[in-house]
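One structure is given below, encoded as structure tokens.
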Ligand SMILES: C[S@@+](CC[C@H](N)C(=O)[O-])C[C@H]1O[C@@H](n2cnc3c(N)ncnc32)[C@H](O)[C@@H]1O
């Protein structure tokens, strides 16, 4: 194991007093029934079929990495899954980029507070929707055998934020008996110029119809899809602060092959990000919607 200092995940009991909405930060938009509708950065509801690459979770045990506000947890449960979510423990910080001449102290304190509010949002959702899902607190970098094995796992919009995405995936696949679902933003480098122009236009005007149509027509074979990772931190601008990689699907497919998995479903689709609800707003930030092509794959264990 490469991270012997990261403690094994521990089960967190649901708080006796569930956190209030004010104590929570919502990453996902979510309808909490009597507790109301909450707006977050991503409204994944209309995209679930694509986001999970069409996977079926009925009567499956599911390990969900990085549940954030629990929208996907709730929907996995509604889809018939018996869910165990794994979220960062208090004190196990995000992989913030260690720019040499940047004092990250304040950022890390703010991040740690946000993680607490994010865990609160999970328990708020859990309580409002009377979920059965269990929550493990730890890190994806250390998922020992004692955690148990699961029929399925999901790791969506997490790998880009990790310094060691391949190692994380190795940990998750080791606990996955049958099927893994992965979703990630598609690197711009994978797109042709026509689509890039439509993307820029949509992000400028807020109108996404032409882009939506284009993304809907694109097949995987039309993508530039190298088995490579694109490294995002730029020391000259000290941005981004907490995103390491853009990951083409071919890179993840190749690594999944090494782990004994075969990709059997691929989806390409468009998500809207509403930055009004973002935590980190660098200088010059404007609250607005932006559009992001995403890919998802579902892969089945074929070896060991
Ligand atoms: C961008 S959010 C994605 C949330 C959700 N999976 C989705 O697809 O909408 C990333 C999630 O991964 C979690 N995360 C980040 N680093 C992690 C780590 N080392 N171990 C476990 N979870 C981590 C974050 O706390 C957050 O819940």
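Per the conditions (1) over 24 Å from residue 49 (Cα atoms); (2) within 10 Å of the ligand (Cβ to nearest atom); (3) crowded, with 20+ Cβ neighbours inside 10 Å, the sole criterion not satisfied by residue 123 is (2). Within the range 221-237, identify whether any single residue is assigned to a helix (DSSP H, G or I), away from the ligand (no atom under 16 Å from the Cβ) and more than 22 Å from the chain's Cα centre (by Cα), and answer yes or no. So far as the range 221-237 goes, yes, one or more of its residues are assigned to a helix (DSSP H, G or I), away from the ligand (no atom under 16 Å from the Cβ) and more than 22 Å from the chain's Cα centre (by Cα). In this structure, does residue 91 turn out to be more than 9 Å from the ligand (Cβ to nearest atom), at pLDDT below 95 and in a loop (DSSP other than H, G, I, E, B)? When the stated conditions are applied, residue 91 passes them. From the list 70, 45, which one is modelled with pLDDT of 95 or more, touching a strand residue (DSSP E or B) at 6+ places or on another chain (Cβ under 9 Å) and surrounded by fewer than 16 Cβ atoms within 10 Å (Cβ to Cβ)? Going through 70, 45 in turn, the sole match is 45. Scanning the range 73-88 for residues that are within 13 Å of the ligand (Cβ to nearest atom) and either assigned to a helix (DSSP H, G or I) or at pLDDT below 95 (or both) yields 73, 74, 75, 76. Within the range 252-268, identify whether any single residue is closer than 30 Å to residue 145 by Cβ and within 16 Å of the ligand (Cβ to nearest atom), and answer yes or no. The answer is yes, given that some residue of the range 252-268 is closer than 30 Å to residue 145 by Cβ and within 16 Å of the ligand (Cβ to nearest atom). With respect to (1) in contact (Cβ under 8 Å) with a residue 60 or more places away in the chain; (2) exposed (fewer than 15 other Cβ atoms within 10 Å of the Cβ); (3) in contact with a helix residue (DSSP H, G or I) (Cβ under 8 Å, 6 or more places away or on another chain), the lone exception for residue 206 is condition (3). Within the range 152-175, residues that are closer than 17 Å to residue 229 by Cα have Cβ atoms under 9 Å from residues that are away from the ligand (no atom under 12 Å from the Cβ) and modelled with pLDDT under 95 in these pairs: 164/2; 167/2, counting only partners at least 6 apart in sequence or on another chain.
Out of all the residues in the range 1-42, which are away from the ligand (no atom under 16 Å from the Cβ), within 24 Å of residue 143 (Cα to Cα) and either at pLDDT below 95 or surrounded by 13 or more Cβ atoms within 10 Å (Cβ to Cβ) (or both)? Please lay out each step first, then the result.
First, pick out the residues of the range 1-42 that are away from the ligand (no atom under 16 Å from the Cβ): 13-18, 20-23, 32-37.
Then keep just the ones that are within 24 Å of residue 143 (Cα to Cα); that gives 13-15.
The answer is 14, 15.
Candidates 229, 212, 268: the one that is in contact with a strand residue (DSSP E or B) (Cβ under 6 Å, 6 or more places away or on another chain), under 27 Å from residue 28 (Cβ atoms), surrounded by fewer than 19 Cβ atoms within 10 Å (Cβ to Cβ) and at pLDDT 95 or above is 212. Scanning the range 182-194 for residues that are touching a residue at least 24 places away in the same chain (Cβ under 8 Å) and either more than 30 Å from residue 140 (Cβ to Cβ) or in a loop (DSSP other than H, G, I, E, B) (or both) turns up 186, 187, 191, 192.
Evaluation of residue 63 against the conditions (1) more than 13 Å from the ligand (Cβ to nearest atom); (2) closer than 25 Å to residue 164 by Cα shows that the sole unmet condition is (1).
None of 166, 198, 256 is farther than 30 Å from residue 279 by Cα and touching a helix residue (DSSP H, G or I) at 6+ places or on another chain (Cβ under 8 Å) except 256. If the condition is being more than 13 Å from the chain's Cα centre (by Cα) and under 16 Å from residue 85 (Cβ atoms), then the range 150-167 contributes 150, 151, 152. Scanning the range 94-112 for residues that are within 13 Å of the ligand (Cβ to nearest atom) and touching a residue at least 60 places away in the same chain (Cβ under 8 Å) yields 94, 95, 96, 111. Based on what the data block shows, is residue 17 more than 30 Å from residue 212 (Cα to Cα) and either in contact with a strand residue (DSSP E or B) (Cβ under 7 Å, 6 or more places away or on another chain) or part of a helix (DSSP H, G or I) (or both)? When the stated conditions are applied, residue 17 does not pass them. Restricting the range 137-152 to residues that are buried (at least 21 other Cβ atoms within 10 Å of the Cβ) and in a strand (DSSP E or B), the residue that is nearest to the ligand (Cβ to nearest atom) is 138.
The values are calculated or read from the model by the stated rules, or taken from the named source; none is laboratory data. No experiment lies behind these values; they were computed from the predicted model shown. No Cβ is skipped: glycine too gets one built from the backbone with ideal geometry, and neighbour counts run over all protein chains shown.
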